[in-house]
Structure formats: C-alpha cells, structure tokens
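**Student:** Here it is: the structure, laid out below.
The values are calculated or read from the model by the stated rules, or taken from the named source; none is laboratory data. Being a predicted model, the structure only gives us computed values, none of them experimental. Here the Cβ positions follow ideal geometry from the backbone for every residue, glycine too, while neighbour counts run over all protein chains shown. Heavy atoms of the whole protein, side chains included, go into the accessibility calculation; ligands, DNA and RNA do not. Shrake-Rupley method; radii C 1.70, N 1.55, O 1.52, S 1.80 Å.
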Amino acid sequence: MNRLLRTIAPILALLGLIALAGCAHKAAPAPQPPTSSNPTPVPTPTPPTTTTTAPAPTPSTETATLHTEDLQPVFFDFDSATLNDQARSTLDQDAKTLRDHSAPKLVIEGHCDERGTAEYNQALGERRAQAARDYLIAAGVAAGRIEVISYGKERPFDSGHDESAWAKNRRAHFTIGS
Amino acid sequence: MSLVGYAAALAVGFALAATAAGAAWADMPSDVRIDIRSDVVRRIRVHEESLKETGNRSSPAIPGLQADEVLANDLDASAVFTVSRGWTGVPPIDVQAVIGGEWNVSGGQIKLTGQIWDFPARHPILSREYRGPASDWRALVHRFADDVVLQFTGEPGVAGTRIAFVARQGTTKELYVMDADGARLEALTSDHSIALSPSWAPDGSLLLFTSYRSGHGPRIFVTPATHGPVYLVSGRPGNNTSASYSPDGREIACTLSQDGNSEIYVADARGSSLRRLTNNPGIDTSPVWSPTGREIAFTSDRSGSPQVYVMDRDGGNVRRLSYEVSYTDSPAWSPKGDQLAFVARTSDGFEIDVCKADGSQLRRVVSGGSNENPHWSPDGRHLIFASNRDGVFGVYVTDLDDRPPRRIPTGDLTASSPAWSPRLHEPRGVGSADRSP
C-alpha cells in the first residue's frame, strides 16, 4: 500500500497542480512544478491569475475597475458655484470611492444651464468643477489625478427649457479618464 | 440759341464732363445727402430698374433676375434706402433717384455697369463699371450697392462683407462663414467638437475662435477666413476663451484661468508675451477693444453679478459702464467709438441694450425671446446677434430703428455666436472704373 501511495502521490500532486493552473494559459506564469521526489504542497496562486475554475482570494486594493457611474455628480444653485449640504455629502461618498480604488485619471467637468452667456458660463462651469476638486483633495484624493474641464452650457444633460432641466445641467460631473 | 439755352447747355456739359472725369459726386444735388451721424435715420426712397442684359442674351452666366434681387436686398439691408421695384401708375413723388444698369458677358468675364440717375430729371449721377469672373457676379453687385450707399452717405455700405457664426449639429458645433446676405455659406471647421466665439482679424484674413478640439479644456485657435489649417494660439492650463484682436491686429485680448481664476490678459498676435490686466477674485471675461485700441470693455461679476466694465488698455481706470441695469454681459464696441451694445438679462433670457461710451443714453434696441452675442457691422449702423425669437436660434440683424430685426437665412442650421467681418478687399480679378455715361 505504501509503495502504491508513493507512486501515486506525486502524480496526484501534479494533477492537483494542473487543476489549479486550470485556464491560465500562456500568459500567466505557471507555478513551479514540484520535484518528483517530494510531494510539494500546492503553492498559493500569486499573482492572482483570473481563472474561471479556481476561486481567487478577494483583492484588497486596486483590481476592481472604477467606472464613471460609480461617482455621483453634484448639483448647484442658479448662478452659484457654492457647494450646498447635499453636494458635500455626495462628495464625501465620491471621495471614499476614489480613495478605495486607484483610477488612472479623474476628469471633473463643470456645466451650467442655458441661461447665462456662453463665455460667462465657461468661467462659471470651471468654478463649479474647481469647488468639487478642492473638496475632494481636502478629503484625501490625490490632486495629480484630477483634470478640470469646463463645458459651460455647451453640453447639457437635459435639453429642456424649464427648471427641472436646468437643475440637471448645473453640475460638476465626474468621468474616469485613461 | 438763346442765352438761357447756352447756359443750360453749359450746365449740362459741365455735369457730363465732371462725371466723365470720375468726380461723379461733386455736383450731386445736396438734398439727396443725409447726415450719417444723425440719430434719426430717414430712409431715402429710390427706384430700382431691372438690370439690362446686353451682349450674348442666351449666356447662362448672366445672373438676370437673381441679380436684381441681390441688389434690392443689399440696398434695403443698408438701412439707407427704401427700394421700389415696379411702377404702378404714378411713381411715388418722393423717389429721389433711380438705380439700374447693364450686364455684359464676354469669355467667362462679366461686366456690370452700375448707374444712378436723379429723379425725375434722370440726370446721371454715377456710372461705374465692375468687372470680374462670371462666378463672382455677386461680388460685383455688392460692390455697386456699397458704392450707391457711398454716393448718398459719404461712406461705403457693407454688402460686400462676411458673417462668421457657429452652427450646432447634434452635440457638436462647427464654425461657418457666409456673405452678409446669407449666400455662399460654407463650413470652416469639421472637428466634430465644439467651436465658439469667432472673432475677425481687422484685415478680414483670419478668425480667432475657441474650441474643445484638443480633447482638453477650451483653447484659442486661429484659422484663415477662407479655408486653411487651424493653429493653436493659447492652450494654457484651465480655460482659454473669448479672444479678440486689437484694432491694429498686433494684440489679442482673451480670458485665461491659468492662475486659477478667469482673468483678462493681452497677448501678441501669436498668443505669446502675456500681460495680465485684471486681478480680482471675480470672473472677468469677454474683453473687447475700443476702436482706438486705448480701452477695453469686459464683463466682470466682481460686484456680485455680471456687469459690463471699461478699463484702459493697461488695466487701469476700471469703471462700471452702467448702473441702470442689474445684469449685463457681452459688450460690443461700435466701430464709430461712441456707443457700446451689450445684453441685459430678462425673464425670457436676454435683451440687447445700447448706450454711449460714458454709460449715458441707455436704450433697449432688441427684445423678444432671448437675444445674445451682439456684434456691430463695420459701419456702425447695424447689430448682428443670435436670437430664438422664432423658436430656434438663428442669426438676426437690427438697424437700430423701429423696424423688427430681420433674419439672415442659414438654411436649416441652428446658428449662434455671429460676428461681422470688417470691410474686405476686393476679390481678385474684380475691378471697377468710372465710365462716361
């Protein structure tokens, strides 16, 4: 019996390794095969290769991709670039999301409703984006990741001509850049 | 012949000789002149005769009735004339002059002979030949119309100028140009981005504009007014917007936020050698030069809401233009130097007001719907602007009289941000000369 085990064990170990390597093909480095004399314990998979068969441990940082829709925009009062309470609360959440993930670049867009002139609104839109940016930096988001772009009233989210449309357009909007 | 007959013959002879010598306006009856500096513009009634076709009548190059329309439109749009086209019964008693002439085509070249006669005596006042390629017949008509205005006011008309504007197509905005009557409309950009705020060079050769074509924030670019490459003028961090040339074309005033806040700067014509003019935590934007180049008007919200201010070209002596209106923006300085136009906020959007350069004599000149981006014509007689008075935004002109603004057709393009070119040099190949009648 022992002799049988001694013969089979390395084969079993090897099979176990192959099973663990699973769908990780050419790109992923294969773990070191054990020497045939010692049934080497199964190495823990590092770096984590994405396999569909073997479960991988939950990553602590960095691997979940941050999407634009993960960040909530903040809205402003008419003719204003001041953050109100709702805006600050939204930015607190956005700051946490940004601290928990690394993203290559964050673009903060400033937008206005249609009621000012085009040129004044380009400046006001920038004010709004800057207000959001400054708040996020104070909340621990790295300044170097952030670009501010003001679109003034040129890219409305709602093309209506009433207060409900205008309110949607007075915003600082976040997009994840690359 | 009697002594009176001799005198009459001498008088007519003098008139003809003076005309033939090219000094056509030296002996014009004084009652057909108007004072162009008068605030009240009373239109002169003239009658336009259909231009006669001479030479090869079957040539398709003769523009025919179309040219009559272009001429009548130019004369009416000048705000100097009321134009009648056909006699029905007795001609109106107050017709002061008859406008007409002839076309002649020869080998791809077209010759327009433009003529003015007084009425009712039909003494010739002007006879001038305009020549050019047949494809440029519109330019010849516009030249003649501008000469008719010159004849009666002492200053040429603006029929031969161009309009730059921005057309929205879906989510993008491109830069376009067209003749002052809406003809020869063409796109100058196809960047599939957002172009804004076109501004002409004083010689009409270039257009400054703002664009998002770089993929970053708004930057200032320049392009030839007749197709050509786009060059970057200012791409500094933050906003680069609202550029306008100084009257001598050597400098550009613009709005930059590179120091963290929208301020007004002056650069050289290439966008270098910056000097900062405003230093204020408020938004300062929309700088425009006075025609002398000694002052700059601009918009600032330093008092709490946007207002038009004026400062010296070095940034000193800042003064608010008007205290009579609560929210003003988009200043435009008349080429005559004596007036500024600007927008004032209303419940519907904006109206357009005009006042003297010292802020006095404020009056509303355009209202109804929302009216934005006023710019003066080079003769200071008209304001062009964007308005949604008929539903969607289009280009309109007001003659600062009691008539409603008229629309410059832009096809089915939603148009905004119009800018009126300076008077342009004659197209190549187009020439004119006085002719003995």
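**Student:** Please give the strands (runs of 3 or more DSSP E) falling wholly within region B:362-434 in which 1 or more residues are open to solvent by less than 50 Å² (accessible area, probe 1.4 Å) and under 19 Å from B:A201 (Cα atoms).
**Tutor:** B:371-376, B:383-387, B:414-420
**Student:** Give the number of residues within region B:170-205 that are open to solvent by 60 Å² or more (accessible area, probe 1.4 Å), among the polar types (S, T, N, Q) and away from chain A (no Cβ under 13 Å).
**Tutor:** The qualifying residues number 1.
**Student:** Look at B:L208 and say whether it is part of a strand (DSSP E or B), touching a Lys or Arg at 6+ places or on another chain (Cβ under 9 Å), away from every other protein chain (no Cβ under 11 Å) and without any contact (Cβ under 8 Å) to a residue 60 or more places away in the chain. Explain how you work it out, then say what you get.
**Tutor:** On the way: part of a strand (DSSP E or B): yes; touching a Lys or Arg at 6+ places or on another chain (Cβ under 9 Å): no; away from every other protein chain (no Cβ under 11 Å): yes; without any contact (Cβ under 8 Å) to a residue 60 or more places away in the chain: yes.
So B:L208 does not fit the description; no.
**Student:** Follow-up. Which one is farthest from the chain's Cα centre (by Cα) among residues in region A:88-112 that are surrounded by 22 or more Cβ atoms within 10 Å (Cβ to Cβ) and without any contact (Cβ under 8 Å) to a residue 60 or more places away in the chain?
**Tutor:** Per the stated criteria, the residue is A:C112.
**Student:** A further question follows. Which of the residues that make up region B:259-316 are in a loop (DSSP other than H, G, I, E, B), within 14 Å of chain A (Cβ to nearest Cβ) and of a type outside the set (D, E, K, R)? Before the answer, list the steps.
**Tutor:** So the first thing to find is which residues in region B:259-316 are in a loop (DSSP other than H, G, I, E, B), and the list is B:259-262, B:269-274, B:277-283, B:290-294, B:301-306, B:313-316.
Keeping just the survivors that are within 14 Å of chain A (Cβ to nearest Cβ) gives B:259-262, B:278, B:280-283, B:301-306.
Passing the criteria: B:G260, B:N261, B:S262, B:T278, B:N280, B:P281, B:G282, B:I283, B:S303, B:G304, B:S305, B:P306.
**Student:** Quick check on A:A123: is it at pLDDT 95 or above, outside any loop (DSSP other than H, G, I, E, B) and within 14 Å of another protein chain (Cβ to nearest Cβ)?
**Tutor:** Yes: the conditions hold for A:A123.
**Student:** Quickly run through region B:146-178 and pick out the residues that are part of a loop (DSSP other than H, G, I, E, B) and at negative phi. Quick ask: steps written out before the conclusion?
**Tutor:** Step one: list which residues in region B:146-178 are part of a loop (DSSP other than H, G, I, E, B), which gives B:154-161, B:170-171.
Correct list: B:E155, B:P156, B:G157, B:V158, B:A159, B:G160, B:T161, B:T171.
**Student:** With the checklist (1) within 14 Å of chain A (Cβ to nearest Cβ); (2) more than 22 Å from B:S303 (Cα to Cα); (3) open to solvent by 40 Å² or more (accessible area, probe 1.4 Å) in hand, flag the one item B:D248 doesn't pass.
**Tutor:** Single failed check for B:D248: (1).
**Student:** Same structure, new question: Go through region A:127-154 and count every residue that is more than 24 Å from the chain's Cα centre (by Cα), facing chain B (nearest Cβ under 8 Å) and open to solvent by 10 Å² or more (accessible area, probe 1.4 Å).
**Tutor:** Of the residues in region A:127-154, 1 are more than 24 Å from the chain's Cα centre (by Cα), facing chain B (nearest Cβ under 8 Å) and open to solvent by 10 Å² or more (accessible area, probe 1.4 Å).
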